[in-house]
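Worksheet for the structure shown next.
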Amino acid sequence: MRRFLLAVVCLGVSTLASATPFSGVYVFGDSNSDNGRRLQLEGVPLSPYFQGRHSNGPVAVEFLAGALGLTQAQQFVDYAVGGALSGHGNADRVAEDKDHDLALLRIYGARGLKPPNLANGSTKSGVELTGIADPQNQGGGAAASSVKASIAQVGSGSDLALSPAPAIGFSGAAALDGDGKFAGIALLKPVVVAGPAAAAQAALVPADVVRDFLKASGVDATGGSPDAKASVVRVICVRK
């Protein structure tokens, strides 16, 4: 009887190596396990990344396969693709606005979502944020929920602070004003452990900034559903 190892999370390599021998390793995952498949499909990543990996050397599953002595092509099959999202397939970053920490993603496997109506909204004193809470706080679930927040201007600039700061999972949440219209996107700032702290732990990227960003990328922000919960999907991004 042939035994196969499905590598999703690699822990305890030494224990695995000493257990009953396996005859194959099949890998499904993202850039943490991609050993060059995305390079074959899309032509990225290039140098200085190591031979098509999203790293500076072999990825963890390659060390696992080596520890098990399964390095031949028919023994070690790596289906992982950089940019893959669990449950949604691959994702591409179409555009980015670094000044406002906005990114436009194309998620190929997302189904059943309704585009929100992003037109005609304005920034008021209070908003309702709709997002998907940290999966650890809902037993691994992905239910959309809403929380209230007030808006205050930071200093003499155009930055807007949200108070109280929403929980993890609401960064990127849609903000709707009291009339149910789109007012912007919530942005959670990383916690600063050294050096000057951010002016606000949570900020609001105004609706006009979001609309201008989408317009520059060829996305029509008019029309769509008024139900924000039907328009959100959880994407967990890892900064490299």
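Which condition from (1) in the same structural domain as residue 39 (by TED's automatic domain parsing); (2) modelled with pLDDT under 85 is the one that residue 66 breaks?
Condition not satisfied by residue 66: (2).
Can you tell me which residue within segment 23-52, out of those that are of a type in the set (S, T, N, Q) and in a loop (DSSP other than H, G, I, E, B), is nearest to residue 92 (Cα to Cα)?
31
Consider residue 165 carefully, then state whether it is at pLDDT 85 or above and either farther than 23 Å from residue 211 by Cα or part of a loop (DSSP other than H, G, I, E, B) (or both).
yes
Looking at segment 36-54 only, could you name the residues that are without any contact (Cβ under 8 Å) to a residue 12 or more places away in the chain and either within 11 Å of residue 24 (Cα to Cα) or among the small types (Gly, Ala, Ser) (or both)?
Within segment 36-54, 43, 47 qualify.
Surrounded by 10 or more Cβ atoms within 10 Å (Cβ to Cβ), at pLDDT 55 or above and over 15 Å from residue 69 (Cα atoms) - does that describe any residue in segment 5-28?
There is at least one residue in segment 5-28 that is surrounded by 10 or more Cβ atoms within 10 Å (Cβ to Cβ), at pLDDT 55 or above and over 15 Å from residue 69 (Cα atoms).
Regarding residue 34, is this residue closer than 30 Å to residue 230 by Cα and acidic (Asp, Glu)?
Spelling it out, it is not the case that residue 34 is closer than 30 Å to residue 230 by Cα and acidic (Asp, Glu).
Yes or no, residue by residue, for (1) at pLDDT 85 or above; (2) out of contact with any Asp or Glu (no Cβ under 7 Å at 6 or more places or on another chain); (3) assigned to a strand (DSSP E or B); (4) surrounded by fewer than 15 Cβ atoms within 10 Å (Cβ to Cβ):
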position: 156; (1), (2), (3), (4): no, yes, no, yes
position: 161; (1), (2), (3), (4): yes, yes, yes, no
position: 183; (1), (2), (3), (4): yes, no, yes, no
position: 196; (1), (2), (3), (4): no, yes, no, yes
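The values are calculated or read from the model by the stated rules, or taken from the named source; none is laboratory data. Since this is a predicted model, take the numbers as computed values, not measurements. A quick note on method: Cβ atoms are made from the backbone with ideal geometry, for glycine too, and the neighbour counts reach across all protein chains shown.
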